[in-house]
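Report on one structure; see the data block that follows.
The values are calculated or read from the model by the stated rules, or taken from the named source; none is laboratory data. Note that this is a predicted model, so its numbers are computed, not measured. Because the Cβ atoms are built from the backbone with ideal geometry, glycine has one as well, and the counts that use them run over all protein chains shown. Accessible surface is based on the protein model in full, side chains and every heavy atom, while ligands, DNA and RNA are left aside. Shrake-Rupley method; radii C 1.70, N 1.55, O 1.52, S 1.80 Å.
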Amino acid sequence: MLKNILIGTFLFTFLGMSAQHASIKGIVKNETDAQAMPYVSVSLDGNTFKTTDINGEFNFNDVKIGGHKLTIAFLGYEKIEHAVAISSENETIILSDLKLKPSAILISEVVISSPSTNFSSRYEGSNIIISSKEIELTKPVGTEEVLKKVAGVNVSGDMGISNRLNVGIRGSYPRRSANLLLLEDGTPIAPAPYLAPEAYYNPPSDRLDGIEILKGADILAFGSNTMYGVINYITKKPPLKPTLGINLTAGENGYHSEYLTYGGTWNNIGAELQVLNKQFDGFQDNSQSSIFNTTAKLYSELTTRSSVYVKLNYHQEKSKASYSALTPYTYKVDPRQNPFDADDLYTKRYAADLIYNFKLSKNTLLSTKVYVSQFQRDWWRQENTLIKASTALSYLGQAIYDDRYSYLNAQTFGSDDYIRVGKIAFGEESTRSRNRLFRVGGAQQSFKYKIEKENFKMNLELIAKGHWETFNNVEIKNDSSRFSRSGTIDRDQYFTLNAYSGMLKDKISYKNISITPSLRYEWVEMRSFDRLAISKMTNNDGSKFFGSQKNVFSSFVPGVSVAYDAISKPENKLSVYAGVYRGYTAPTAEVGFLNVEDGIVSAPSDSKPINRVPETSLNYEAGLRACLLREFACLQVSYFNNNISNYYSAGRNEAFQTLGAVNTYGLEGTVNMNLHKLLNSEKHQIVLSLSGTWMKGKVLSGLLKDSDLLKAKHTDATKQELIDKINAERNGFDVYFSSSTGTDSLVSGELTVADFSKIKRLDFVFGNDGIANNTVPYLPPYILNAGLSYGIAGFNIGVNFNYVGKQYTDYLNFENETAEGAIGSLQAFKTIDANISYSFEHVSNKYLKGLTVFIAGKNITDEVYKASRLHRLSSGIMPGGFRQINGGVKFNF
């Protein structure tokens, strides 16, 4: 009896386990560009929910026989419903034509697709899209880690985790990315985009859904700083299904990150709260960093004709951030040492954005944007000085030496071995603060009108914008120990700016060709107040602008793009494009109050009024985009040629006294190869990604002064190199010797190394009759990146190789290195990153289904290299290449 029961139970269990049910599989794409869409909500009969994976795919198993309804929804897109009929237990339904159409009231600023092409059809010119898929697989600690993969982008290291972004695009000077326009969801995020565009705030990569890098004429729609490119960070949107997300990461060097989110969509209202805490001990001594960032978002389709998006953000950073980097000697002895323990950076940022869209008619859309932000940056930095390493004990004293310079014990020193130390005054190391407060506000109204007929389309856009900034800079010299945070104010500056602009853009398409002319006009008024000087003026009448300096300028900025779709078939797509536009960079608070006459720059006076105008450029580009063999290979190739005129702000402590002209040009290429398509199987995901950049630059004209050059600690090699440069192109150097009369005397003729010590002043004259063939700083001729990833059933592994060629760091193109590290070339370097992860999305256990575990290695070879000399004489060498291994878990439920 018992035997029969056991046999029956076994058969029942076996038959029940072996019963096969049907499955429904599919991929969701964007109707606009046919690209896969990740994280889309898919429900079966309203009671079983799935979310598309990073490839836009979903899969329902164990589906019963009969009729079913799929509902597919994504915030900002029109919901679709699809009927499915299952006729047998073993049937598999594959839905490959599910396309979501953007809502007519879509907030385009916060939407990014996940294209396998790495470019977007939204833009006419060259552009690169870093997708949510790429960010998810890379697990970056900062945005520089993914930006270095982009063709045309040069990342210059400044330590840390991308808290202060330092990248160049197509030859722009990379320090603090000040020559680029940085956006978050289409809104400028620099502390003061005109007055002080340096990137002292950079969004944590944890919050990002994607990054757009734009380099063509499309960038004119976004504002100033358009000579080189735009980086637009797209932040994550509220999910469709109410979801709690927990992302925990920990790793070497005291790194840990906790990122918590909760949000969902209820009755067409999506909302989410994001909270991030991140800490890092740094790669060097005394370089700890702590970040707290919280964001609240609301996205609502109020009616079928209107939508609204609101974002509130608070960001706080506390870091032991230093300008005082390494000399060649300290780099050789120990690149991880940093004795400056009293450098403290404290920032706070409050920001609010509001976007409201209203559809006036089927073809007409009004969009209103309002944004405000306040950014506070208090930075106390030890004053440093250079001394010979052999004199450290006698200069510093025994107590300071034993505390932070004992690494010098048992070392031998040469005549060119210098170290950077705290400046000693009355037995104490001194500190100075540079405290800044920025307030920014803006309002923008756009009008969009479209016409769509059989072979003709037109998309007209009109934009009117007002933008306002204030900037207060206070410098304080401390009054006691290096840790004192009080003292005497010796600088108090206040700046204001009002900018008003209008933009006209009209994309006209006929059959396979489109042309997009655009014209931007901008009027700017900026004022400067020296509050300490004004406080001493006895005739101060209390009027609003008393004692201020004013600069007013305006600019017309035109551009045009042309595109032709040579092949437009499902299996093969190829288009060619070209564009020309005028780039534009407004003068900052630091250099905006000068006089320029006949190209010669000088301080203003009664006879020389302030009249500094923007730097401008004429930029050309041409290229092609293609997706071939059903997306087996997707590529973009671009040629660019940027010609910059009235160039003044050359680099750190380098400025053209007679306005200069610079030309940069090159080729960029990106290709993604979906190798798994050779296997005719989507089960495996094998992707090879390649990008490469070839760039050249030339300084065409201008007289430049480098205030760091003669202050540097020159070695015999750099002295000889400078003399050789002078003699080789003698007409390119105005050399002044010091004289007994106290005036500088201009000298001619060939020089010897013995003359080096006599040089009091040195000006460089560029051009065919002067210095003829020098390139611009931080323009490596070659940048190469290769990535390979493999994924199957939730398992992913990837590796990335990055190579950056040799680059110069100054306009004289020094090969050799000065003894404090401020001047000299940077040798080529390479980095290798790797990552591995497993997502339990394919398991049936509901507690494991939302779990992902991962390990990510950065610079896994631990090959330390000289990454930059961005701060020049005040800093020296910034090292890079330190290894960082992180691991973590991500859970959504």
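One chain, two ends: N773 and N611. Fully extended at 0.36 nm per residue, the span grows by 55.2 nm beyond their Cα-Cα distance. Under 5 Å between amide hydrogens, built in the peptide plane, is the criterion, and for L302 it picks out S307, V308 among residues at least 5 positions away or on other chains. What a 1.4 Å probe finds exposed on the range 750-804 is 59% carbon and sulfur by accessible area, rounded to a whole percent. Where does the Debye-calculated log10 I(q)/I(0) of the range 302-449 sit at q = 0.09, 0.18 Å⁻¹, using only Cα point scatterers of equal weight, no solvent? Debye intensities relative to I(0), on a log10 scale: -0.52, -1.03.
Cross-linked pairs K149/K457; K29/K215; K457/K698: Cα-Cα separations exceed 30 Å for K149/K457; K457/K698. Evaluated at q = 0.11, 0.17 Å⁻¹, the base-10 log of the normalised Debye intensity for the range 485-620, with identical point scatterers placed on the Cα atoms, takes the values -0.62, -1.01. Under 1.5 on a/c is rounded, so check that first for the range 403-481, then, if it is not, pick prolate when a/b is larger than b/c and oblate when it is not; a ≥ b ≥ c are the square roots of the alpha carbon gyration tensor eigenvalues. Verdict is oblate for the range 403-481.
A compact globular protein would have a Cα radius of gyration near 2.2 N^0.38 Å; the ratio found for the range 565-654 is 1.77.
Spherically averaged projected area of the convex hull of Cα atoms, the range 238-379: 12.0 nm².
Our compactness index for the range 472-512, the C-alpha radius of gyration over the empirical 2.2 N^0.38 Å, is 2.76. Which net charge results for the neighbourhood of L504, defined as the other residues with beta-carbon distances under 10 angstrom from its beta-carbon, given Lys and Arg at +1 and Asp and Glu at -1? Within the 10 Å Cβ shell, the charges total 0. 3J(HN,Hα) along the range 761-774, derived from phi through the Karplus expression 6.51 cos²θ - 1.76 cosθ + 1.60 where θ = phi - 60°, amounts to 8, 9, 10, 10, 10, 9, x, 4, 9, x, 7, 9, 10, 7 Hz, with x in place of Gly and Pro.
Annotation: the chain has a Kirkwood hydrodynamic radius of 29.7 angstrom, from the mean reciprocal C-alpha pair distance. If R0 equals 41 Å, the separation of the Cβ atoms of A399 and R531 corresponds to a calculated FRET efficiency of about 0.60. The angle separating the long axis of helix 716-728 from the principal Cα axis of greatest extent in the chain is about 80 degrees. Given axes a ≥ b ≥ c from the Cα gyration tensor, I'd like to know whether the range 208-280 is rounded (a/c under 1.5), prolate (a/b larger than b/c) or oblate. Note, shape of the range 208-280 comes out oblate. Measuring nothing but alpha carbons in the range 401-560 and taking Rh as the Kirkwood radius, the Rg to Rh ratio lands at 1.26. Distant-in-sequence amide contacts of L594, defined by a placed amide H-H separation under 5 Å and a gap of 5 or more residues or a different chain, comprise N611, R612.
Taking the 1.4 Å solvent-accessible surface of the range 465-557 as the whole, the part contributed by carbon and sulfur is 55%. Between beta-carbons, use under 11 Å as the cut-off and find the net charge around F58, counting Lys and Arg +1, Asp and Glu -1. Combined, the nearby Lys, Arg, Asp and Glu give -1. Taking the 0 to 90 degree range and rounding to the nearest ten, how far is the long axis of helix 2-18 tilted relative to the main principal axis of the chain, both from C-alpha atoms? Approximately 60 degrees, to the nearest ten.
The length gained by stretching the chain between A754 and D862 to full extension, at 0.36 nm per residue less their Cα-Cα distance, is 34.6 nm.
Amide H to amide H, with H built 1.01 Å from N, T143 comes under 5 Å of S205, counting only residues 5 or more places away or on other chains. The fraction of accessible area contributed by carbon and sulfur in the range 569-718 is 58 percent, rounded to a whole number (1.4 Å probe; ligands and nucleic acids excluded). Over all pairs of different C-alpha atoms in the range 250-308, the reciprocal of the mean inverse distance, the Kirkwood hydrodynamic radius, equals 13.9 Å. Here the Karplus relation 6.51 cos²θ - 1.76 cosθ + 1.60, evaluated at θ = phi - 60°, turns the backbone of the range 365-375 into coupling constants of 9, 9, 10, 10, 10, 10, 9, 9, 7, 9, 10 Hz, with x for every Gly and Pro. Taking 21 Å as the straight-line reach from the Cα of K550, the lysines in range (excluding those fewer than 8 positions away in the same chain) are K536, K608. Exceedance of the 31 Å cut-off in Cα-Cα distance is limited, within the set K297/K849; K25/K890; K139/K359; K332/K858, to K139/K359. The Cα center of the range 624-677 and the Cα center of the range 238-282 differ in position by 34 Å. Measuring between their Cα centroids, the range 711-763 and the range 799-820 lie 24 Å from each other.
What the chain shows is 41 Å² of accessible area per residue, with the surface traced by a 1.4 Å probe over protein heavy atoms. For the range 18-69, the convex hull drawn through the C-alpha positions has a volume of 90 cubic angstrom per residue. Summing charges over all other residues whose Cβ lies under 10 Å from the Cβ of Y200, with Lys and Arg as +1 and Asp and Glu as -1, gives +3.
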